[in-house]
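Notes to accompany the following structure.
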Amino acid sequence: IVGHFFSTLDIIRTIRDPEKPNTLEELEVVTESCVEVQEIGEDEYLVIIRFTPTVPHCSLATLIGLCLRIKLQRCLPFRHKLEIYISEGTHSTEEDINKQINDKERVAAAMENPNLREIVEQCVTEPD
């Protein structure tokens with residue numbers, strides 16, 4: 001599990017903030033303590049990410065959650081279920097956002113929006 005923990009952390013630490021030139025790790029939106037990995041079956045793991053928006057009314061919290069989900073879905077080298085949440089008490093609409101970013105259909109619909117998809121791609125693409 002330790003290796004899966006670090007590979008998960010390495011994947012998300014380089015995601016860039018949608019508005020700033022910094023990574024989510026530099027802004028402390030994601031830290032080591034925000035990643036949890038549990039074995040749920042043979043070679044299958046539950047990955048739980050709890051991220052902390054920079055401000056309680058962050059309008060980009062849903063977008064950040066979407067970036068985390070897309071990057072992890074693409075890059076995790078093992079079978080997994082993924083749950084992404086806002087750290088409790090750190091956002092004014094955390095419940096709504098948690099529902100959105102953990103709803104497969106809503107995530108798929110969001111990624112069909114060309115503008116949104118372009119922003120997500122810019123955030124999740126590794127810098128050259």
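The values are calculated or read from the model by the stated rules, or taken from the named source; none is laboratory data. None of the values given here were measured: they were computed from a predicted structure. Here Cβ is always computed from backbone atoms with ideal geometry, including for glycine, and neighbour counts include all displayed protein chains. The area values use the complete protein model at the heavy-atom level, side chains included, leaving out ligands, DNA and RNA. Shrake-Rupley method; radii C 1.70, N 1.55, O 1.52, S 1.80 Å.
Can I get the semi-axes of the chain's equivalent ellipsoid? Compute them from the C-alpha gyration tensor as square roots of 5 times the eigenvalues, in angstrom, largest first. All intermediate terms of the calculation are to be shown ahead of the outcome.
Values: eigenvalues 87, 52, 50 Å².
That gives 21, 16, 16 Å for the three semi-axes.
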Local electrostatic count at VAL2 - Lys and Arg +1, Asp and Glu -1, tallied over other residues with Cβ under 13 Å
-4
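With a probe of 1.4 Å, find how much accessible area region 14-105 has per residue, and write the answer as a whole number in Å².
54 Å²
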With the 8 Å Cα cutoff and a minimum separation of six or more residues, region 1-124 has a relative contact order in percent of 26 percent
Tally the DSSP beta bridges in the chain and give the antiparallel ones as a percent, rounded to 5.
45 percent
